[in-house]
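The values are calculated or read from the model by the stated rules, or taken from the named source; none is laboratory data. Fair warning: this is a prediction, and the values are worked out from it, not measured in the lab. Please note: Cβ atoms are built from the backbone with ideal geometry, for glycine as well, and neighbour counts cover all protein chains shown. All accessible areas refer to the heavy atoms of the entire protein, side chains included, with ligands and DNA or RNA removed. Shrake-Rupley method; radii C 1.70, N 1.55, O 1.52, S 1.80 Å.
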Amino acid sequence: MRVRKKRISIWPFVLFISIVVIFVMTIFFSFGNFFRYRKLLNDYNALKSYMSSKLQNYETKLKDLDSKLGPNSLIDKYILSVNYLKNFGADLEQVLSNIEDEPGTGYFMVFVVGQESSWFTVKKGEKTYFSRELYPGLSKYRFYYFKEPRIKTDYDIVISPDADIVVGKAGKVYLLFYGVGVSFHPTKVVHVTKMTVDNLKKTYNLYVPGR
């Protein structure tokens, strides 16, 4: 009677070895991922700490700038003081210009109507006495065509009686003349309807003693 040899299958062993290898590799990669995660976490914390330090530094600088430039700061008080002195000087000039109306002089003022400013120039030949943009309303400047005022300020411009004027917006400018020998109220109000007016004295028939 012949006895058959029993075959031993190696597949269970191969399967076991494969499972062990997969398990070992899984643990290996898990440890690798864990260490990479820890490194990324450490880098993130370092970056977060760096950014926090920078932001805190900027915040300190902003607070310092605010203390120097903000309301009630030293620079703010300096600017207010400069503006106050500048405005005070301008206001004082205007007060001095209007403190006395002298009948012995002849001058005119400019009134711009509407809501837009107008350029205004007074000149004679190549000489320009005044050239500036005037805002709507009564201008603060006085143009003396006969004698200088007793108190002369930056608002007082002495011109020749036969000077010419050039306006930026014809029809929007009026001239208020305070004639020689009369004070306070304008003796003549003229409407400038052209951009150029030649010879004020002749055009508006101004009284100029001795001429």
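Side notes on the structure shown:
- Against the test of being touching a helix residue (DSSP H, G or I) at 6+ places or on another chain (Cβ under 7 Å), outside any helix (DSSP H, G or I) and at pLDDT 80 or above, the options LYS140, LYS123 yield a single qualifying residue, LYS140.
- Scan segment 143-180 for residues that are touching a Ser or Thr at 6+ places or on another chain (Cβ under 9 Å) and either part of a loop (DSSP other than H, G, I, E, B) or open to solvent by less than 20 Å² (accessible area, probe 1.4 Å) (or both) and the total you get is 23.
- GLU126 in contact (Cβ under 8 Å) with a residue 40 or more places away in the chain and over 14 Å from MET109 (Cα atoms): no
- Within segment 190-211, tally of residues that are under 16 Å from LYS169 (Cα atoms) and among the polar types (S, T, N, Q): 2
- Identity of the residue in segment 114-142, more than 14 Å from TYR178 (Cβ to Cβ) and hydroxyl-bearing (Ser, Thr, Tyr), that ends up surrounded by the most Cβ atoms within 10 Å (Cβ to Cβ): SER118
- Scanning segment 101-155 for residues that are over 28 Å from the mean Cα position of the chain (by Cα) and closer than 12 Å to ILE165 by Cβ yields PHE108, VAL110, VAL122, LYS123, LYS124, THR128, TYR129, PHE143, TYR145.
- Within segment 188-209, the set of residues being under 18 Å from PRO149 (Cα atoms) and open to solvent by 30 Å² or more (accessible area, probe 1.4 Å) comprises TYR207, PRO209.
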